[in-house]
Amino acid sequence: MKVLDLPIERISASVKVLNQITSALGAMGALPHYRPSQDNAGNIVDLVTAADASSLSTSQTLAAAVATALTAHGVDVEAHGSSSAIPCAAWVSSPAVPVNLAEVQSVLNEVKADFNTHIANATPHRGIGGQGKVAQPAAISTTDAVDQSTANALANAIKVALNAHARAGAETITIVAS
């Protein structure tokens, strides 16, 4: 694109090209969200900031955090084109942390399945996989939680995948009259 060497022309052309890039990456499946996870100042943030799981207490905290974050992420209509209710784990002690290892395992195994279903859902996302597009995002393939060690591994894998997924987006710029 050629533009006059005037500040307003450069800004206008830059906005137009940035929006084209965002739209193209979205259509190709590289930016599934219309906006990444952000704080009130517009800084991109992680949805899950709880410490990594390394024990029963940390896996309890992280299991509750990933379940809560995935549910909230699904209905985020700024990230998605439409609300996508995710029937995340409703554990007995909710909203408190799961009470024991069995409940942690149950929550994590369900969150893994719910996350994998969510990332394959083209309705709320723009450009999910398919012909001529980047490959569908990788599903969480970590072994289901069956003991403390596998629960820790799965909780940490879900945290990484959910944060990466929530960051994968970009807004377009709309110029409004001053």
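Coordinate-derived values only; no laboratory data. All values derive from a computational prediction rather than experimental measurement. Using ideal geometry, Cβ is built from the backbone for each residue, glycine included, and neighbour counts are taken over all protein chains shown.
How fast does region 44-135 diffuse by Stokes-Einstein, in µm²/s, taking the Kirkwood radius from C-alpha pairs at 20 °C and 1.002 mPa s?
Calculated translational D: 151 µm²/s.
Read through the labelled values (1) 27, 21, 16; (2) 37, 16, 13; (3) 33, 17, 13 and report the label of the one computed as semi-axes √(5λ) of the Cα gyration tensor in Å from the structure. Correct label is (2). A simple packing score, the average count of other Cβ atoms within 10 Å per residue, orders the peptides 15-25, 39-49 as 15-25, 39-49, with the highest score first. Straight Cα distances below 18 angstrom link Lys159 to the lysines Lys112, with same-chain residues fewer than 8 positions distant left out.
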